[in-house]
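Okay, structure first, notes after.
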Amino acid sequence: MKNDLRKWMVWLPVCMALTVPAVAADNKPALDGIITGHIVPRYQALQAATNDLSQAIEADCSDANPGDAGSKAAFKTALLAWHSIQHIRLGPVMLDNRHYRFEFWPDKHGQAARQVRKLLSSGAAEVPSPKRIGKSSVAIQGFPALERVLHGKTRDAAAACALAVSIGANLKAMSADIVREWSAWQPGSISDAGKLLARNLADQLDLMAGLKLARPLGDSLETVRPRRAEHWRSSLSYAALAANFDGLHGLFTGENSRPGLRAWVVSGGGPARQADQLAEHLKYGSTFIGWQTLPLHDAVSDRDARDKAVFLVKHIRSTEELVKSVVYPALDMAAGFNSQDGD
């Protein structure tokens, strides 16, 4: 383990500026391959998982047992399916605020906590129905709100069940809508779609390092904020990060015998060796997380486990730099745009 850690620390400064010829990025076969091989299959997996989740919640709530084992297991599967495709910020998932309705996080002002608590204390009659919840606040529609219900404490099982059933149905409906709408989606231009996918790749890495890890880590052991870790209630913070890495690796290398962004980069004159290095960085991230033994919200306060989380931040940052030095030039992109900015 220590030898592996030292070996990969050597990789951190490798992210050098590379001179790559700018190209016209109109690679329709690569875009089609990413959509049919990566994006649609992963949304189909999310659709299947949210369907199972909705059914599990209804089954548990038939006995007034919100947060029973069946619902929690189905929640984990659906949540990780979401995180494996969370990086996509184009197409149907961006319609009707769906991306934020799946996961309103980080919730810097505690809106979900207040709104979920208010609903649960008001009784089942005040909970929006499955048909109405999609028009309600994004803070009560998605995975973070459902996590509060399934992994929290409530005195009103009927209210908790009503809210869990509505959220489960909402997640199921959104997933089905996204799968259906991808069949008709067309980009404004192939070049712009490729650039946005590359930015999705870099921006997801930035989100992982800056919010999912650095935020709960704080600046030192004295300033840790364990409850700022994503999904700390269910102890799925690290698992969600591993799913993020897995999804990004699939986007870059390709899946289901279809090409990914790597093929786009190399066909545009990008360096194959550095592209392979980026693929290895993405693969290593989930492998490294698999070696961790403490949940992230506990690891941030443990000296040895914390060092490994800090190393992971550095690894993600070096991977992000590889994206900007290898992928961006091949697609004739500037490095400053962030697809999470809403620009």
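Read-outs throughout are calculated quantities, based only on the coordinates presented, and are distinct from any laboratory measurement. Predicted model only: the values in this text are computed from it and were never measured. Glycine also receives a Cβ, built like all others from the backbone with ideal geometry; neighbour counts cover every protein chain displayed.
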>> Which residue fluctuates most in the GNM of the chain (Cα springs below 10 Å): GLY67, GLY152, GLY250?
In response: GLY152
> Using θ = phi - 60° and the Karplus curve 6.51 cos²θ - 1.76 cosθ + 1.60, what whole-Hz ³J(HN,Hα) does each residue of the range 201-207 get, with Gly and Pro shown as x?
Replying inline: 4, 5, 5, 5, 4, 4, 4
> For TRP182, TRP82, what ranking results if the residue with the fewest other Cβ atoms within 10 Å of its Cβ goes first?
Replying inline: TRP182, TRP82
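Given the rule -39500 (n - 2.57) for each run of at least 4 DSSP H residues, summed and divided by the residues of the chain, what is its mean residue ellipticity at 222 nm, to the nearest 500 deg cm²/dmol?
Details: 15 runs with 195 residues, N = 343.
Counting only the DSSP helices, I get -18000 deg cm²/dmol.
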> Normalised by the residues of the range 39-182, what does the relative contact order come to in percent, with Cα pairs under 8 Å and at least six apart?
Replying inline: 36 percent
> Can you give me the Cα centroid spacing of the range 26-51 and the range 202-245 in angstrom?
Replying inline: 26 Å
> Mind listing the phi-derived Karplus ³J(HN,Hα) values for the range 302-307, rounded to whole Hz, using 6.51, -1.76 and 1.60 with θ = phi - 60°, and x for any glycine or proline?
Replying inline: 9, 4, 5, 5, 5, 4
>> What are the ³J(HN,Hα) couplings of the range 69-76, residue after residue, when phi is run through the Karplus curve with 6.51, -1.76, 1.60 and θ = phi - 60°? Round to Hz, x for glycine and proline.
In response: 4, x, 5, 5, 5, 5, 4, 4
> Which order results if PHE102, PHE288 are arranged by neighbouring Cβ count within 10 Å, fewest first?
Replying inline: PHE288, PHE102
> Among PRO216, PRO66, PRO29, whose mean-square fluctuation peaks in a Gaussian network model of the chain (Cα, cutoff 10 Å)?
Replying inline: PRO29
> How big is the gap, in Å, between the Cα center of the range 108-133 and the Cα center of the range 62-80?
Replying inline: 19 Å
> Among VAL266, VAL300, VAL323, which one moves the most in a GNM of the chain with springs linking Cα atoms closer than 10 Å?
Replying inline: VAL266
>> Using Cβ counts within 10 Å as a stand-in for footprinting exposure, how do PHE75, PHE245, PHE311 rank, fewest first?
In response: PHE311, PHE245, PHE75
>> For Cα extents along the principal axes in Å, pick the label among (i) 56, 40, 34; (ii) 57, 49, 42; (iii) 62, 51, 33 that corresponds to the value derived from the coordinates.
In response: (iii)
>> Here is the link list: LYS108/LYS135; LYS28/LYS135; LYS72/LYS314. Which ones come out longer than 25 Å on Cα distance?
In response: LYS28/LYS135; LYS72/LYS314
> Once you charge only the Cβ atoms, +1 for Lys and Arg and -1 for Asp and Glu, what is the size of the charge dipole of the range 172-231 about its Cα centre, to the nearest 20 debye?
Replying inline: 180 debye
